[in-house]
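Enquirer: Structure incoming, see below.
Derivation of every value follows stated rules applied to the coordinates shown; laboratory data play no part. Small disclaimer: the values here were computed from a predicted structure and weren't measured. Backbone-built Cβ (ideal geometry, glycine too); neighbour counts: all protein chains shown.
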Amino acid sequence: MFFIKFISHLPLSILYLLSDFLYFLLYHVIQYRKKVVFNNLKIAFPDHSEAEHSRVARDFYKNLSDIIVETIKAYSISPAALTRRIKISNIELINEYYKKQVPIIVMTSHLCNWEWLLISNCILLDYEVDGVYKKLNNKAFEKFMKEMRGRFGANMIEKNNLIRTIAQRRNIPRIIAMVSDQTPASSPTNKYYPFFGREIPFYTGAEKIAQMTKYPVLFVSMTRLSRGQYEVTFEKLADPPYTENQDITSKYVSMVEKEIRKNPENWLWSHKRWKHQKSVKL
């Protein structure tokens, strides 16, 4: 952790040189989860050629390497330097809710740099931000990530404490930020949704919280404009009042797939997103 904190103070121009070397290691030498990445690409884009899968995979590893060094840099980056690199295309949508002092749930995915997305929103938006996360097993890395994520004011909430914290902070206008495209553990109670032609489980916690609290739900997407430059866009997913069977999660899954199809190299292909499948579309 001392070394990581030390190199976080290096200029991004130097860190991107490190990222280039890291890409070479991950893709060509270590071949980090390469089989998982290519299998996922074949599932998601069965009509694409091997050459196209290889191109997306290479670009993904380059972007992943950038995300790693950018996350390290997030530990020491100044607010001014960060906000020069993050642009919100429609901040007025968030401001509409803030004027009403309405808490909102914001759902996002592992597209582009989700860590920069969290900490930049603490600076760019008037809202307080509650970031929901899963605790890491490594205590030193857990401490580092919590410090990094909270340095601009994000209130980090471990997912097992979410319901209690929501009740405690119910009168505070804030964003409840949730990354909801992880793979839930196998369970007979899982709900399955079509995702790139196959039905797989998704977390439904954001939907359940929205039904319970009657908070509006927004989707936030992130686009890489160039190296280290991103654009953020908010979209309405659902507004109360909600019907008993209103399926917010299915809308979220559709939006995630749409964003991935635009720029597939920006998504996190190294996790086993299709390891639990219900059916295959013929």
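Enquirer: Counting Lys +1, Arg +1, Asp -1, Glu -1, what net charge surrounds Arg174 among other residues with beta carbon under 11 Å of its beta carbon? Each step should come with its number before you reach the end.
Expert: On the way: positive: Arg169, Arg170; negative: Asp126, Glu128, Asp130.
With Lys, Arg at +1 and Asp, Glu at -1, the net is -1.
Enquirer: Would you mind ranking His276, His53 so that the residue whose beta carbon has the fewest other beta carbons within 10 Å leads the list?
Expert: On the way: His276 16, His53 19.
Lowest to highest Cβ neighbour count: His276, His53.
Enquirer: Right, something else. At 7 Å along the Cα-to-beta-carbon direction for both Ser186 and Asp239, put a label point, then send me their distance in nm to one decimal.
Expert: In this crude spin-label approximation the distance works out to 4.3 nm.
Enquirer: With +1 assigned to the C-beta of every Lys and Arg and -1 to the C-beta of every Asp and Glu, and no other charges, what is the dipole magnitude of the stretch 24-107 about the Cα centre in debye, to the nearest 20?
Expert: Working: 13 positive and 8 negative charges, 48 e Å.
Once rounded to the nearest 20, the dipole reads 220 debye.
Enquirer: As a footprinting exposure proxy, order Val106, Val37, Val29 by other Cβ within 10 Å, with the fewest listed first. List each step's numbers first, then the result.
Expert: Details: Val106 26, Val37 22, Val29 8.
Going from least to most buried by this count: Val29, Val37, Val106.
Enquirer: I've got another one for you. Relative contact order of the stretch 1-78: what whole-number percent is it, with Cα pairs under 8 angstrom and at least 6 residues apart? Mind showing how you got there, number by number?
Expert: Numbers: 49 pairs, mean separation 44.9, N = 78.
In percent, rounded to a whole number, it is 58.
Enquirer: Let me ask something else about it. Over the chain, what is the percentage of antiparallel beta bridges among all DSSP beta bridges, to the nearest 5? If you can, show how the numbers build up before the last one.
Expert: Working: 16 of 35 bridges.
The antiparallel proportion sits near 45 percent.
Enquirer: Another question, then. I want to check the label-to-label distance for Lys42 and Asp247. Put each point 7 Å from Cα in the C-beta direction and report it in nm to one decimal.
Expert: 3.0 nm
Enquirer: Relative contact order for the stretch 84-280 using alpha-carbon pairs under 8 Å, separation at least 6, rounded to a whole percent?
Expert: Working: 303 pairs, mean separation 57.0, N = 197.
Over the stretch 84-280, the number comes to 29 percent.
Enquirer: What aspartates and glutamates could a cross-link reach from Lys275, if we take a straight Cα to Cα line under 14 Å and drop same-chain neighbours fewer than 8 places away?
Expert: Asp181, Glu199
Enquirer: Follow-up. What's the local net charge at Ser54, with K and R +1, D and E -1, over the other residues with C-beta under 14 Å away? Intermediate results must be reported in sequence, preceding the final value.
Expert: Working: positive: Lys34, Lys35, Lys42, Arg55, Arg58, Lys62; negative: Glu50, Glu52, Asp59, Glu265.
So the environment of Ser54 carries a net charge of +2.
Enquirer: Still on this structure, please answer the following. Taking 0.36 nm per intervening residue step and subtracting the Cα-Cα distance, what contour gain separates Met212 from Asn95 on full extension?
Expert: On the way: separation 117, 0.36 × 117 = 42.12 nm, distance 2.34 nm.
The Met212-Asn95 span can extend by a further 39.8 nm.
Enquirer: So, one more: Counting Lys +1, Arg +1, Asp -1, Glu -1, what net charge surrounds Tyr133 among other residues with beta carbon under 9 Å of its beta carbon?
Expert: Working: positive: Lys134, Lys135, Lys146, Arg149, Lys159; negative: Glu158.
Here the count lands on +4.
Enquirer: For the stretch 182-259, restrict the atom set to alpha-carbon positions and state the Rg and Dmax in Å.
Expert: 14.3, 44
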